[in-house]
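Notes to accompany the following structure.
The values are calculated or read from the model by the stated rules, or taken from the named source; none is laboratory data. This structure is a prediction, so every number in the text was calculated from the model and none was measured. Virtual Cβ from ideal backbone geometry, glycine too; neighbours counted across all protein chains shown.
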Amino acid sequence: MIVIDASALTAFILKEPGWQSLSKYIMNSVSVDHIIKEVMNAIWKAQVRAHH
């Protein structure tokens, strides 16, 4: 079982450097329920930084 954390999922979604190497882990991974909140917060922060 592969457990993924919010930082790895965020890096994959935002296509941060090295994101392609994460795809083999994300496809069959599990995580905790609150990962959605953590990832959405990170995406929001990235958008705020990009527009300032």
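Checking every residue in segment 33-44 against the condition of being surrounded by fewer than 10 Cβ atoms within 10 Å (Cβ to Cβ), on the phi < 0 side of the Ramachandran plot and modelled with pLDDT of 95 or more gives zero matches. Taking segment 14-52 as the range and being farther than 15 Å from residue 4 by Cβ and either assigned to a loop (DSSP other than H, G, I, E, B) or touching a residue at least 40 places away in the same chain (Cβ under 8 Å) (or both) as the test, the residues that pass are 15, 17, 51, 52.
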